[in-house]
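Taking it in order: structure first as structure tokens, then the write-up.
A short reminder: the numbers here are calculations on the coordinates, not readings from a lab. Being a predicted model, the structure only gives us computed values, none of them experimental. As a convention, Cβ positions derive from the backbone with ideal geometry for all residues, glycine included, and neighbour counts pool all protein chains shown.
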Amino acid sequence: MCLAVPGKVLDIEERDGTRMATVDFGGVVKEVCLEYVPDLQVGEYAIVHVGFALQRLDEESARQTLALFEELGLLQEEFGDPWEAAGAPPGWDEAGAGAGAAPGSASASASAPAAAVGDGAREANR
């Protein structure tokens with residue numbers, strides 16, 4: 001699931017002509033593009049989706065949303081734990097299914113090369 005998550009701007013700098021920020025999402029720190037909210041300042045909160053700040057948000061709303069996301073486990077789902085993921089066995093996904101998943105299952109089709117999935121779709125339509 002992809003979420004728009006509130007985060008607090010910690011630092012702002014210009015990189016290759018693009019305004020970028022270091023943003024804290026309840027303990028997870030990521031780099032974010034500020035081109036859609038160019039007047040955002042250090043200390044302010046923004047709603048961020050796929051690495052882009054989309055809208056300014058007041059601090060109270062941001063804190064309430066982060067607390068709710070944490071309670072529901074959505075921050076873990078969105079950001080995960082890179083150390084935990086690094087220690088997962090090869091072929092493991094979040095559902096626990098690996099490379100041996102049944103044909104046609106979400107895990108099997110997600111791990112199949114795009115050409116193979118597309119070829120199967122064409123075969124089914126003949």
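Each residue of segment 49-56 is assigned a 3J(HN,Hα), and the resulting list reads 9, 6, x, 10, 6, 9, 7, 6 Hz, derived from the Karplus form 6.51 cos²θ - 1.76 cosθ + 1.60 (θ = phi - 60°), x at Gly and Pro. With Cβ to Cβ distances under 15 Å as the rule, what net charge do the other residues near Glu31 carry (K, R +1; D, E -1)? Once positives and negatives cancel, what remains is -2.
For Val48, the residues whose amide H sits under 5 Å from its own are Val5, Gly7, Leu54, ignoring neighbours fewer than 5 places away on the same chain, with H placed 1.01 Å from N. Modelled spin labels at Gln41 and Ser61, positioned 7 Å past Cα toward Cβ, are 1.9 nm from each other. Take the Cα of Thr18, step 7 Å toward its Cβ, do the same at Phe52, and the gap between the two points is 1.1 nm.
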